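Student: The following block contains the structure, expressed as structure tokens.
The values are calculated or read from the model by the stated rules, or taken from the named source; none is laboratory data. Computed from a predicted structure; not experimentally measured. Cβ: placed from backbone, ideal geometry, glycine included. Neighbour counts: every protein chain shown.
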Amino acid sequence: TREEDRNQDGKMDMLHFKLELPLQSTEHVLGVQLILTFSYQLHRMSTFVMQSMAFFQSSFAVPGSQLYVNGDLRLQQKQPLSYGGLDVRYNVSVINGTSPFARDYDLTHIVAAYQERNENVICDSLTVCTYLPGFWEMIKFAWIQYVSILLIFLWVFERIKRFVFQNQVVTTIPVTAMPQGELYKEHLS
């Protein structure tokens, strides 16, 4: 195996995997089942670490001598990731190598258990990750939206107020402020 960083971003982009099997002249390869395991990590909005796998299965009508597979791995989610903290629920090996039970090494069981996860990796191109934002992140975006709408309303209502008072749309009566001593009437008894 060999990993390659094609775009020089410090993350491996490509995995070259070559497997050669010495066969007797009477042996033929009519199918391939392959599980590759990976460590998958996210570090921006949500810190998430999991052990993932790629399962490949192919069968041939005639004996094969070479097989080429090309694809992209992407995160598949059944629920949003949590915000903040470290999520390591699935940072355990996909194949339980310490189990004494044959069922834990059965490909059908391994794939079924992997598919039951809330997050797994599938072969595809574009990936969109969803997560539940934290309180302060929600406040930050809510504040930006509130202020932008508030400024628009203040500007509109200022224009309406100017129009109403400059064009005397509403009948108004000017009132002068009364001196402090004239606030109360004196009653003569």
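Student: Taking the criterion of being modelled with pLDDT of 85 or more and of a type in the set (S, T, N, Q), would at least one residue in the range 94-106 satisfy it?
Tutor: yes
Here's the yes/no breakdown for (1) surrounded by 10 or more Cβ atoms within 10 Å (Cβ to Cβ); (2) more than 23 Å from residue 115 (Cα to Cα):
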residue	(1), (2)
10	no, yes
34	yes, no
50	yes, no
64	yes, yes
87	yes, no
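Student: Could I ask something else about it? If you check residue 156 against the conditions, is it surrounded by 12 or more Cβ atoms within 10 Å (Cβ to Cβ), in a helix (DSSP H, G or I) and modelled with pLDDT of 80 or more?
Tutor: No: the conditions fail for residue 156.
Student: Oh, and also: With the requirement that a residue be outside any loop (DSSP other than H, G, I, E, B) and under 30 Å from residue 23 (Cα atoms), what does the range 39-77 give you? Reasoning before the result, please.
Tutor: Residues of the range 39-77 that are outside any loop (DSSP other than H, G, I, E, B), as a first pass: 39-42, 47-59, 73-77.
Matches in the range 39-77: 53, 54, 55, 56, 57, 58, 59.
Student: Which pairs have Cβ atoms under 6 Å, sit 6 or more apart or on different chains, and link a residue in the range 17-38 that is farther than 30 Å from residue 49 by Cα to one that is among the small types (Gly, Ala, Ser) and surrounded by 12 or more Cβ atoms within 10 Å (Cβ to Cβ)?
Tutor: Close Cβ pairs satisfying both conditions: 29/64.
Student: One residue is enough: does the range 12-31 have a residue meeting the conditions surrounded by 10 or more Cβ atoms within 10 Å (Cβ to Cβ), aromatic (Phe, Trp, Tyr) and assigned to a strand (DSSP E or B)?
Tutor: Scanning the range 12-31 turns up no residue that is surrounded by 10 or more Cβ atoms within 10 Å (Cβ to Cβ), aromatic (Phe, Trp, Tyr) and assigned to a strand (DSSP E or B).
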